[in-house]
Structure formats: C-alpha cells, structure tokens
Amino acid sequence: MELQEFITNFANQFEETDPSVFTKDTVFKDLDEWSSLTALSIIAMVDEEYGVTLKGDDIRSANTLEDLFNIVKNKK
Amino acid sequence: MYNPFSLENKTILVTGASSGIGRAIAIECSKMGASVIITGRNEERLKETYSQMRGKQPNYIVADLSKPGEVQNLTKNITTLNGLVNCAGLTKVLPFPFAERKDFEEVMEVNFFAPTELSRLLVKTKKLQKGASIVFISSVSGVYCSAVAGSIYSSSKGAINGLAKAMALDLAPKGIRVNCVNPGMIDTHIFSEGKITQEQLNEDMKRYPLKRFGKPEEVAYAVIYLLSDTAEWITGSNLLIDGGYTLL
C-alpha cells in the first residue's frame, strides 16, 4: 500500500477542499470541511480500498495523514 | 392494588431479548406479571436475561430470526400469545455512497424481514389471540429524522413504520392491535463496533433537550403501556420516546 495513493483516496472524500491541500503532513482534523460525515467516509473508504476496519478512536489518535496511513498499514 | 397497566394473565414473546432494549422489556414485562417468552441468538446472554425475569412460567427459546427455518421453528414452539414485541435489531453506519445492496440486505433481514415473517406466521396460525398487541421497536430515525451515515438503519425503521400501519388495518378485524415505539438514542451497545467514538456520542447527547440518552427501561415502560389493556383503543400509532430530540 502506497502513501501517495492513500492520500489521493483520502482527498477523494472531500468536496470543497482542494486536492493539493492534502499531503502526508496535513493535520486533517483542522480542515474546515472535516466533520463526523467525512470521518465515517474515511472509515468506509479504508474498509473498501484496504479491507481494514478502522475505529473512530483510530481516527482520533491520528494527527496527520501519514499517522493514519501508518495505522491502516499496521492493521493490514 | 389498582394497576391498569398490569400484564397478569398475558403471555408475551420478546425478540432480541439477549441484550439492550429487548432485555429490559423482557424483565420489566415479567415484573408486571406477564409470562414472558424470550428469544435471541446467543444462549448465554439469553440465560442472563432469563435469570433476571420473574412472572409465571418464564421461558427462553434460542433462535436466529434471520434464518427462515428458525422463525418457523420458533412459531411451532409457541402455543398462544397475548403480545409480541419485535425488538431484535442492528445498525450499520455507512455514508450513503458506500452503502451497498449487501449492507442494506444484512440490516433489512434482521430489522424488517424477520419481524415481518414472525408476526405473519403468529397471526396466520392464530397463536396471537383476539385482543393481542404487537409492538415494534422502531426509531426516531427514518420516521421523524435521520442521522449522518444512517441511510440503512433509517430505511429499515421507516419500513417497519409503514408495515405497522398497514398491519394495524388488516388485523383490526381480528382485534389485534399493532403499534410502534420510536426511541431516540438509548444507552445500549448498538455502536459497540466503534465507528462512532464516545466523544461523538457525548456531543450527540448534548443535542437532547433533556440532556441525556434514554434508558432501556424507559422504552420498556412504553411497551408495557401498549401491551396492557389500557391501550385497547390504540392501534397504528407511534409512541415517541426521545427526550425532546425531534423538537429541535
């Protein structure tokens, strides 16, 4: 599983935020568009794309996109 | 003692009685004097409920109502009923673009098809007697409002509400009443899969005018009312139990 691809999949769950905003260092919970719905969309995307079941607490414990990527990678 | 809500001399079947709201309903109905038959998938947890029940001749029957054969089997094991509480249910939290047919099917099987078929068989075989009361545990979701990523659950509960109204009409000549109770969030383990964090639940709790979630017993008391003879003129109704949630 690739970090860049993960970032693209992550960015795809957003409507208003420009894809260029998303890097491995993005603190995603600070984004204006971040909400409970985007959180649930990320969980569903990770399940669909990577076959990994994330919990809300996994999202909570991650700060940057790379943090979340590592959590998914470790659960795979 | 004067008690118009007594369930003495009534036999009542409660599905989904191994946990949460179903467990509370079974226990409270038994305390009101009913002979309660409980059913659920997990024998160990069903026995835990059973151990807390009172009343005459409590009984438990293990059954997975998502399997048609087991619904038929359960029906065969029952002689007569004065009440049926369809409580077994589950939820699946998925944003709509991710909610596939298989996800809908999984939830509809338990929340809609199983209670529908169980009710139908119990009516058709005349095990539900004249004057019987059927209660569905619906929700505020899908009837008065919904929740983020709640399309699957809302659909199932909306379907139950429609079903209950049509059933109420068709079963009126038999003297069988059909009603729904519509709870807001109740303290159970329905979100134990962990997609929703405790923090999010705490935030949600603040949106309730009465500033807390409901207790399973509070749903049980509403069900007792609808099962009792006090509700003899009530059919096709929804009883909202939501701490004021849908007022806003």
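Report every pair of residues separated by at least 6 positions or lying on different chains whose Cβ atoms are under 6 Å apart, first residue within the stretch B:2-27 and closer than 18 Å to B:Leu74 by Cα and among the hydrophobic types (A, V, I, L, M, F, W, C), second open to solvent by 10 Å² or more (accessible area, probe 1.4 Å) and part of a helix (DSSP H, G or I).
B:Ala17/B:Arg23
Give the stretch A:60-76 a look and list any residue that's within 14 Å of chain B (Cβ to nearest Cβ) and either touching a Ser or Thr at 6+ places or on another chain (Cβ under 8 Å) or over 19 Å from A:Leu3 (Cβ atoms) (or both), or say none.
Taking the stretch A:60-76 first, the residues within 14 Å of chain B (Cβ to nearest Cβ) are A:60-62, A:71, A:75.
Within the stretch A:60-76, A:Arg60, A:Ile71, A:Lys75 qualify.
Give the stretch B:99-134 a look and list any residue that's part of a strand (DSSP E or B) and not basic (Lys, Arg), or say none. Steps first, answer last, please.
Looking only at the stretch B:99-134, we keep the residues that are part of a strand (DSSP E or B), and these are B:128-134.
Within the stretch B:99-134, B:Leu128, B:Gln129, B:Gly131, B:Ala132, B:Ser133, B:Ile134 meet the criteria.
For the stretch B:81-93, name all the residues that are within 14 Å of chain A (Cβ to nearest Cβ) and open to solvent by 40 Å² or more (accessible area, probe 1.4 Å). Reasoning before the result, please.
Step one: list which residues in the stretch B:81-93 are within 14 Å of chain A (Cβ to nearest Cβ), which gives B:91-93.
If the condition is that a residue be within 14 Å of chain A (Cβ to nearest Cβ) and open to solvent by 40 Å² or more (accessible area, probe 1.4 Å), then B:Lys92 is the only one that fits.
Quick check on my filter: what residues within the stretch B:63-80 are surrounded by fewer than 22 Cβ atoms within 10 Å (Cβ to Cβ) and touching a strand residue (DSSP E or B) at 6+ places or on another chain (Cβ under 7 Å)?
Of everything in the stretch B:63-80, those that are surrounded by fewer than 22 Cβ atoms within 10 Å (Cβ to Cβ) and touching a strand residue (DSSP E or B) at 6+ places or on another chain (Cβ under 7 Å) turn out to be B:Leu74, B:Asn77, B:Ile78, B:Thr80.
B:Ser151 - would you say it is more than 24 Å from B:Thr230 (Cβ to Cβ), buried (at least 19 other Cβ atoms within 10 Å of the Cβ) and more than 14 Å from the chain's Cα centre (by Cα)?
Taking the combined requirement at face value, the residue satisfies it.
Quick check on the stretch B:187-228: of everything there that is open to solvent by 80 Å² or more (accessible area, probe 1.4 Å) and away from chain A (no Cβ under 14 Å), which residue is farthest from B:Met32 (Cα to Cα)?
My answer is B:Lys211.
The values are calculated or read from the model by the stated rules, or taken from the named source; none is laboratory data. On a predicted model such as this, the values are computed, not experimentally measured, just so you know. Note that each Cβ is placed from the backbone with ideal geometry, even for glycine, and that neighbours are counted across all protein chains shown. Please note that ligands, DNA and RNA were not included when accessible areas were found on the heavy atoms of the full protein model with its side chains. Shrake-Rupley method; radii C 1.70, N 1.55, O 1.52, S 1.80 Å.
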